[in-house]
Amino acid sequence: YGSKPNNLHVPAQRFEDQFGESVYIIEADSEKLRSESGKGVSHRYRRSNAKHTLAANFSTVTQLHDSHTQMIVHWAGEGSDVIIALSRDSRSGEGTSSNLFISRDYGKSFANVTGQFRIPSGKQVVIDHYFNSKRRNSRYIFTDITNNYIFATTDYGQSFIPYQLEFR
């Protein structure tokens with residue numbers, strides 16, 4: 001119907017019951033991505049020259065250069081400029097991978113902190129999910145269900161403490 005669009009607009013899906021407040025999951029259509037890889041580049045154009053005050057809702061576009069099909073995004077909360085973004089494969093388990101990106105400037109830039117997750121066996125850590133504290137927004141727990149590890153941070157992801165789990 002009509003001409004092919006140059007931009008992808010994805011509505012955010014709220015999963016408050018499963019993931020808590022301010023968490024959004026954005027999932028790409030992997031078949032469409034494979035068929036369109038290498039075709040074109042998205043462009044942004046200024047629509048208005050008028051001066052605006054900061055709106056309650058606004059968006060920022062950042063290139064993460066990541067090929068995973070699912071991204072779980074979470075803003076740490078009031079009084080914080082930290083945004084956590086976990087990119088992963090839709091299905092977890094052996095042979096999958098993940099990347100964790102953290103922004104400390106309210107989404108203007110992101111750092112890939114995946115390399116900070118290390119376990120003694122040297123295996124690749126695959127972060128499946130994360131949970132945050134409702135009372136202290138600097139505290140997170142990241143889960144690796146493939147290797148039976150959790151990683152805790154109390155400083156918005158500046159450092160991570162690994163804990164091996166003895167059960168499956």
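The values are calculated or read from the model by the stated rules, or taken from the named source; none is laboratory data. Small disclaimer: the values here were computed from a predicted structure and weren't measured. Methodologically, a virtual Cβ is constructed for each residue, glycine included, from the backbone with ideal geometry; neighbour enumeration extends over all protein chains shown. Just the protein is used for accessible areas: all its heavy atoms, side chains included, with ligands, DNA and RNA removed. Shrake-Rupley method; radii C 1.70, N 1.55, O 1.52, S 1.80 Å.
Annotations
- For region 81-105, residues that are of a type outside the set (S, T, N, Q) and touching a Phe, Trp or Tyr at 6+ places or on another chain (Cβ under 8 Å) total 10.
- The single condition among (1) in contact (Cβ under 8 Å) with a residue 12 or more places away in the chain; (2) in contact with a strand residue (DSSP E or B) (Cβ under 9 Å, 6 or more places away or on another chain) that Arg136 does not meet is (2).
- Number of positions in region 104-133 that are of a type in the set (A, V, I, L, M), open to solvent by 30 Å² or more (accessible area, probe 1.4 Å) and in a loop (DSSP other than H, G, I, E, B): 0
- Condition met for Phe101 (part of a strand (DSSP E or B), farther than 19 Å from Gln63 by Cα and aromatic (Phe, Trp, Tyr)): no
- Among residues of region 120-132 that are within 15 Å of Ile145 (Cα to Cα), those with a Cβ under 8 angstrom from a residue that is among the charged types (D, E, K, R), sequence gap 6+ or separate chain, pair up as Val125/Arg118; Val125/Asp144; Val126/Arg88; Val126/Asp144; Ile127/Arg88; Ile127/Asp144; Asp128/Arg88; Asp128/Asp144.
- Looking only at region 156-168, and only at residues there that are part of a loop (DSSP other than H, G, I, E, B) and open to solvent by 90 Å² or more (accessible area, probe 1.4 Å), the one that is modelled with the lowest pLDDT: Arg168
- Selection count, region 57-70, where residues are closer than 17 Å to Lys108 by Cα and either touching a helix residue (DSSP H, G or I) at 6+ places or on another chain (Cβ under 9 Å) or modelled with pLDDT under 75 (or both): 6
- Residue in region 71-87 that is farthest from Ser97 (Cα to Cα), counting only those that are at pLDDT 85 or above and open to solvent by 30 Å² or more (accessible area, probe 1.4 Å): Asp81
- Top-ranked residue in region 140-155 [being without any contact (Cβ under 8 Å) to a residue 24 or more places away in the chain and more than 17 Å from Ile72 (Cα to Cα); ranked as least open to solvent (accessible area, probe 1.4 Å)]: Thr153
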